[in-house]
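Structure first, then comments.
The values are calculated or read from the model by the stated rules, or taken from the named source; none is laboratory data. Only a predicted model underlies this, so the values are computations on that prediction, with no experimental measurement involved. Reconstructed Cβ throughout: ideal geometry from the backbone, glycine too, with neighbour counts over all protein chains shown.
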Amino acid sequence: MTRLSSLASLKVPLGGQEIELQQIDFDGGGMSLLRTRIREKSRFTIFDIDPLTAEAWGQALLDWARSQPRG
């Protein structure tokens, strides 16, 4: 059986989307994955990514956020 562990829940203030991050662990072992669930009203977008992709994506998000003016 696959185990899901909730890592974070976010709500986007401008669009109202709900973002949930979960860790997926498989009973057979192997690599854990990061599941990203984005809910927009009744529509869901769900995708699972590996640790290397998560790191690159996270770095891109941080780079962008740090380049934005604070106010």
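Filter segment 22-32 for residues that are surrounded by 12 or more Cβ atoms within 10 Å (Cβ to Cβ) and either in contact with a helix residue (DSSP H, G or I) (Cβ under 9 Å, 6 or more places away or on another chain) or touching a residue at least 60 places away in the same chain (Cβ under 8 Å) (or both) and give the result.
Ser32
Applying the selection to segment 32-71, what residues are part of a strand (DSSP E or B) and among the acidic types (Asp, Glu)?
Glu40, Asp48, listed by residue number.
Here are the criteria: (1) basic (Lys, Arg); (2) in contact with a strand residue (DSSP E or B) (Cβ under 6 Å, 6 or more places away or on another chain); (3) at pLDDT below 95. Tell me which single one Arg39 does not satisfy.
(3)
Going by what's in this entry, would Gly16 be described as surrounded by 10 or more Cβ atoms within 10 Å (Cβ to Cβ) and among the small types (Gly, Ala, Ser)?
Taking the combined requirement at face value, the residue satisfies it.
Tally the residues that are assigned to a loop (DSSP other than H, G, I, E, B) and within 13 Å of the chain's Cα centre (by Cα), restricting the search to segment 18-31.
So the answer is 0.
Which residue, of Ala65, Ala54, Ala8, is loosely packed, with under 10 Cβ neighbours inside 10 Å and within 10 Å of the chain's Cα centre (by Cα)?
Sole residue among the options that is loosely packed, with under 10 Cβ neighbours inside 10 Å and within 10 Å of the chain's Cα centre (by Cα): Ala8.
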